Amino acid sequence: MPTTAPPDTAALAARLRLGVTRLARKLRQEAEPGITPSMLSALASVQRHETLTMGHLCEVEQVTPPTMTRIVAAMLDAGLVTRESDPVDGRVAWIGLSPAGARLLQRSRRRKEAYLAKALQRLEREEIETLEAAAGILERLTESAS
């Protein structure tokens, strides 16, 4: 009776890492011109949390306060976020998404999704179905990693 070799999860992990990294790089290239990946990531975090303090934004983005200060300053200069002092503790600054920031995120996401949609149109139906299943698996993998 033939036996099936167990899947080589290390090799699969290496292939997935490479594929996901290359796709992420390509999507970053499709992002809104003139905005850095760090700014896009911080904007998305601000949108997800509605408003957050500089300290919380540092935690969410896993960057140091000086780095986040530079990112937020660039976003403020571009009119992408708002900054308000806490009414109780003036040392605390609350960062929120401006309408321009929301529009930029929407445009950037549309550009990336348009790139992917065009690329997907070149695939066979079975490949699309496989990717649809893989998308669900990737979502579960990333949810459990959070």
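Separation of the stretch 91-143 and the stretch 62-84, taken as the distance between their Cα centroids, equals 23 angstrom.
Two tests apply to each whole DSSP H helix in the chain, Cα reach of 27 Å or more along its axis and mean Kyte-Doolittle hydropathy of at least 0.0, and the ones passing both are 9-29. Of all the options GLU126, GLU84, GLU59, the one that moves most in a Gaussian network model of the chain with Cα springs shorter than 10 angstrom is GLU126. Look at the Cα gyration tensor of the stretch 56-99: its axes a ≥ b ≥ c give a/c of at least 1.5 with a/b at or below b/c, and that counts as oblate.
As a proxy for reagent exposure, ranking THR82, THR4 by other Cβ atoms within 10 Å from fewest up yields THR4, THR82. Taking 41 Å as R0, compute the FRET efficiency from the Cβ-Cβ separation of ARG25 and VAL88 and round it to 0.05. E between ARG25 and VAL88, to the nearest 0.05, is 0.40. Computed from the coordinates I sent, Rg/Rh (Cα atoms, Kirkwood Rh) equals one of [x] 1.04; [y] 1.09; [z] 1.15. Tell me the label. Answer by label: [y].
Each value in this text was obtained by applying a stated rule to the coordinates, not by laboratory testing. Everything numeric in this text was worked out from a predicted model, so none of it was measured. For neighbour counting, all protein chains shown are included, and Cβ atoms are generated from backbone atoms with ideal geometry for every residue, glycine included.
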